[in-house]
There are 2 protein chains.
Amino acid sequence: MEKKTRNLIFGLFWMLLASSNLCIDGLNIWPMPSSLKYGAKTLYLSKDFGLDTVGSKYVDASSTLKDAFQRLLDIVETAHAIDTNSTYYNPSLLLKGMRVVISSPNDELQFGVDESYKLSIPSSGNPIYATLEAPTLYGALHGLQTFSQLCHFNFTTRIIEVRQAPWNIIDQPRFSYRGLLIDTSRHYQPLPIIKNVIDAMAYTKLNVLHWHIVDTQSFPLEIPSYPKLWNGAYSPSERYTMADAAEIVNYAKRQGINVLAELDVPGHALSWGIGYPSLWPSSDCPEPLDVSNEFTFKLIDGVLSDFSKVFNFKFVHLGGDEVDTSCWVMTPHVRKWLTKHGLNETEAYQYFVLRAQQIAISHGYEIINWEETFNNFGNKLSRKTVVHNWLGGGVAQQVVAAGLRCIVSNQDKWYLDHLDITWQQFYMNEPLTNITNLQQQKLVIGGEVCMWGETVDGSDIEQTIWPRAAAAAGN
Amino acid sequence: MEKKTRNLIFGLFWMLLASSNLCIDGLNIWPMPSSLKYGAKTLYLSKDFGLDTVGSKYVDASSTLKDAFQRLLDIVETAHAIDTNSTYYNPSLLLKGMRVVISSPNDELQFGVDESYKLSIPSSGNPIYATLEAPTLYGALHGLQTFSQLCHFNFTTRIIEVRQAPWNIIDQPRFSYRGLLIDTSRHYQPLPIIKNVIDAMAYTKLNVLHWHIVDTQSFPLEIPSYPKLWNGAYSPSERYTMADAAEIVNYAKRQGINVLAELDVPGHALSWGIGYPSLWPSSDCPEPLDVSNEFTFKLIDGVLSDFSKVFNFKFVHLGGDEVDTSCWVMTPHVRKWLTKHGLNETEAYQYFVLRAQQIAISHGYEIINWEETFNNFGNKLSRKTVVHNWLGGGVAQQVVAAGLRCIVSNQDKWYLDHLDITWQQFYMNEPLTNITNLQQQKLVIGGEVCMWGETVDGSDIEQTIWPRAAAAAGN
């Protein structure tokens, strides 16, 4: 039988963890649930361990729960051929199946969806069933991941064991936004690799894939409204069609993961002008995007219109970082425009960012911008803005004091391309540092680890993300 | 839709190759077939491109061909969401399906099986069908791989194209034995990784996975007759059950790949004594296996008996390399035994190897041994021996002159752990160097590239094997 080989690198990390006999008395659950109790009995997973949804209000027309349950079975088998020798176990300790009871029929995945769950595994019964209760499908998916981590393949008996029963676990995430950034501009990342990253995010209960799609180096994504944009791809084959993007969004949703698309403007956009050179101030001085050209904003409107048909997360990321405006003043027609409108460089940068924000809002999005926008003109930003920290510590406290929401990604602790940062440092980074006011704490919607793409391609991105991203997920 | 993500690293290598527009007039086929003719028309793969086996004598009860055809479709889609815009193509150029006609009903995979095939793709027809003819299933599997390399995903039209039709390809391998060694003793390699390696071998038409299972460092495989042997595994979870081994053998067979199991004796076997210390001359001087102990040979007999139930390739590899016999003379009871039997060190080494050969023969195997056995006592080896070169060039010509068969793996060119050897050097290595006699040439049954495991684990073995192993496969 051929089995689906899902995320290999990280899956194997879990397999070793899950099947190790080294920590019989330890707890191999990651991230650690909010609350748990356990006992000392060993149960045995039935060969026909099954899913029972009696009493669940969620009907699973999309087979999302059913597929997740099948993935659970694949995980607990740890890729081994299971040839259980039934002479080894006591039938009264057989775990026959799992009852999954979901309260909501709705499987819309949106920001702030209830991701909590309760998992209980009794140590007796006739037969024994585990029970997983969750307000939503997405809490239940987390509960299945936790259950998989309680299972151990015993190489002697060929039985999958659940040790330390009975179990009672109650869990909910500390933050609503638990992100991982990937960057497909500096290196093209093939679709199967992106899917592997998504699979592994689900193992650690991360819930936002921040897709930094395009940048200065390349523009791999098809934009139907402006079909020459992907002329900026590295090669004809290093491209994503919009149908590919839709498949990634759907694939992620089925694991409870939102996709946050980023359009980093006005800097980080040189590749846009390969197809549409008029977006450049000039071919000699091509970045940032030409603030003086109405076509620039017309095109951004078209891109965000196309985005809104596929990227249905509440937020879009508009970048706004590292904007060097010198090409604006060095290019005659742009300088003339600045003079005409009485704008200095910083004001023009502000004008660009705020106008892009309004376009995004017109397409139904709330906005995430990198912290330079806040640092330069924080009080002018739309109140629908979430400020994305990256430069260092201490920013979140200023953002939330100003009443805006914040995501923490301080590069000294949560940049995965900084290879010298240890997993322990990832684990110890605290998004709420120096924020004591409860209302302000709530404005920190979460954190994100960033896998910038300059030095990783499909051959090493997974090995570079994990296990350090999992350490952050344990925060 | 979730898709099976097969071998990622190497698959992506092919995807880039297969979907590149850079070589419209080039040939993206690897290895290059024996003979080919092609034209200048572009055909389009039908969305319901199907398999037709009318006239085939092979009934495919195991779904091997059907599954291979499905993998072909996955490969040619290059992981993209296919949303063909049918306005782009001329219906008379639609390639509707493939007729696969296999002459033999037998799907036994053995050494020397006919792997030839003929693939023809006409450029007209009503509708157009490709035809793949092969004497055996295993030739047909190669033909499917070749066909996949003729397909290109066109990012503009969203159609999979077959360019340069009509095609007429006739192909058969130059050597019967085209091997790749993996080593699961120096690093445990998880089962999904081994399966990925097998998938990628099929892309390049390699046909023997030489599984160097155990060595000094660890003994990961279950041996039912001697259950303490895998006490020598690195950890309780870094193990393969014999059911796992059977699954690997079956998985490989379904891709036309034999699994050659190796038991490297009498050296390279320290880990055996973790479970059975009496195999060691002494715990202070534990290697090679104790030649004076009848239990050593009784155990080898048990291991090979267990092997023969699962590893059904014609050959078993008995190692025999790098035997340092000093522990035999330094350990009193072994030295005493040597004296009693009038054997010097080299004679004892020969005694061990020949006795192990006879045990293997008694279980129905022919034998492969590393070249030191030939270099030391070549004229004493069983005529059923294939000598496996590794130390350097020039050995094959001596082996075949002595009338024995040979496999070429000279480490200066075909050791994948030698990271400084370029793919060009892999490609240029010639197994028949200085062998001009036709009968002697036939005794070189093939070559093998070796991925020794000291420096690779599941995170980098694939990236280290490919693309250099593919370069050798093109030889």
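Key figures for this structure:
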read-out	value
Some residue of the range A:260-271 being closer than 30 Å to A:Gly447 by Cβ, open to solvent by 10 Å² or more (accessible area, probe 1.4 Å) and among the charged types (D, E, K, R)	no
Test: residue in the range B:44-54 that is surrounded by 13 or more Cβ atoms within 10 Å (Cβ to Cβ) and either at pLDDT below 60 or of a type in the set (A, V, I, L, M) (or both)	yes
Test: residue in the range B:331-353 that is touching a Cys at 6+ places or on another chain (Cβ under 6 Å) and free of Cβ contacts under 8 Å to residues at least 60 places away in the same chain	yes
Number of positions in the range A:429-451 that are open to solvent by 40 Å² or more (accessible area, probe 1.4 Å) and free of Cβ contacts under 8 Å to residues at least 40 places away in the same chain	5
Every residue from the range A:341-356 that is farther than 20 Å from A:Val259 by Cβ and surrounded by 23 or more Cβ atoms within 10 Å (Cβ to Cβ)	A:Tyr349, A:Phe352, A:Val353
Conditions (1) open to solvent by less than 20 Å² (accessible area, probe 1.4 Å); (2) within 27 Å of B:Ile461 (Cα to Cα); (3) out of contact with any strand residue (DSSP E or B) (no Cβ under 8 Å at 6 or more places or on another chain): number failed by B:Leu180	(3)
Of the criteria (1) at the interface with chain A (Cβ under 10 Å from one of its Cβ atoms); (2) within 29 Å of B:Pro135 (Cβ to Cβ); (3) in contact (Cβ under 8 Å) with a residue 60 or more places away in the chain, which one B:Ala245 fails	(2)
Test: residue in the range A:200-214 that is of a type in the set (Phe, Trp, Tyr), open to solvent by less than 30 Å² (accessible area, probe 1.4 Å) and within 13 Å of chain B (Cβ to nearest Cβ)	no
Residue list for the range A:452-470, restricted to those being touching a strand residue (DSSP E or B) at 6+ places or on another chain (Cβ under 9 Å), part of a helix (DSSP H, G or I) and either surrounded by fewer than 22 Cβ atoms within 10 Å (Cβ to Cβ) or within 14 Å of another protein chain (Cβ to nearest Cβ) (or both)	A:Ile461, A:Thr464, A:Ile465, A:Arg468
Sole residue being β-branched (Val, Ile, Thr), within 28 Å of the chain's Cα centre (by Cα) and surrounded by fewer than 17 Cβ atoms within 10 Å (Cβ to Cβ), chosen from B:Val100, B:Val59	B:Val59
Identity of the residue in the range B:382-421, in a helix (DSSP H, G or I) and touching a residue at least 40 places away in the same chain (Cβ under 8 Å), that ends up most open to solvent (accessible area, probe 1.4 Å)	B:Gln397
Residue match in the range B:314-335 (condition: open to solvent by 10 Å² or more (accessible area, probe 1.4 Å), out of contact with any helix residue (DSSP H, G or I) (no Cβ under 8 Å at 6 or more places or on another chain), of a type in the set (A, V, I, L, M) and more than 30 Å from B:Ser62 (Cα to Cα))	yes
Selection within the range A:222-231 - in contact with a Ser or Thr (Cβ under 8 Å, 6 or more places away or on another chain) and not hydroxyl-bearing (Ser, Thr, Tyr)	A:Glu222
The lone exception for A:Ser176 - which of (1) among the polar types (S, T, N, Q); (2) over 27 Å from A:Phe297 (Cα atoms); (3) out of contact with any helix residue (DSSP H, G or I) (no Cβ under 7 Å at 6 or more places or on another chain); (4) within 13 Å of another protein chain (Cβ to nearest Cβ) it fails	(4)
For B:Ile193: the one exception among (1) within 16 Å of the chain's Cα centre (by Cα); (2) open to solvent by less than 10 Å² (accessible area, probe 1.4 Å); (3) more than 14 Å from chain A (Cβ to nearest Cβ); (4) among the hydrophobic types (A, V, I, L, M, F, W, C)	(3)
Unique residue being in the same structural domain as A:Asp301 (by TED's automatic domain parsing) and farther than 30 Å from A:Phe297 by Cβ when the list is A:Ile421, A:Ile445, A:Ile367, A:Ile407	A:Ile421
One residue from A:Pro224, A:Pro236 being modelled with pLDDT under 95, assigned by TED's automatic domain parsing to the domain that holds A:Val310 and open to solvent by 10 Å² or more (accessible area, probe 1.4 Å)	A:Pro236
Test: residue in the range B:365-375 that is open to solvent by less than 80 Å² (accessible area, probe 1.4 Å) and either farther than 21 Å from B:His212 by Cβ or modelled with pLDDT under 95 (or both)	no
Lone unmet requirement of (1) over 30 Å from A:Asn250 (Cα atoms); (2) modelled with pLDDT of 95 or more; (3) away from chain A (no Cβ under 13 Å) for B:Ser62	(3)
The range B:287-304, subset open to solvent by 30 Å² or more (accessible area, probe 1.4 Å) and in contact (Cβ under 8 Å) with a residue 40 or more places away in the chain, residue nearest to B:Ile407 (Cα to Cα)	B:Asp301
Qualifying residue in the range B:132-150 (condition: closer than 30 Å to A:Met242 by Cβ, within 14 Å of chain A (Cβ to nearest Cβ) and crowded, with 21+ Cβ neighbours inside 10 Å)	no
From the options B:Lys47, B:Lys57, B:Lys37, residue that is over 23 Å from B:Ser124 (Cα atoms) and of a type in the set (D, E, K, R)	B:Lys57
Within the range A:112-131, tally of residues that are under 14 Å from A:Lys37 (Cβ atoms), in contact with a Pro (Cβ under 7 Å, 6 or more places away or on another chain) and open to solvent by less than 30 Å² (accessible area, probe 1.4 Å)	2
Pair list, Cβ under 6 Å, 6 or more apart: the range A:225-242 residue within 11 Å of chain B (Cβ to nearest Cβ) and without any contact (Cβ under 8 Å) to a residue 40 or more places away in the chain, other residue open to solvent by 50 Å² or more (accessible area, probe 1.4 Å) and assigned to a loop (DSSP other than H, G, I, E, B)	A:Pro236/B:Asn21
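The values are calculated or read from the model by the stated rules, or taken from the named source; none is laboratory data. All of these numbers come straight from a predicted model, not from anything done at the bench. All Cβ positions, glycine included, derive from the backbone under ideal geometry; neighbour counts span all protein chains shown. Side chains included, ligands, DNA and RNA excluded: accessible areas come from the protein's heavy atoms. Shrake-Rupley method; radii C 1.70, N 1.55, O 1.52, S 1.80 Å.
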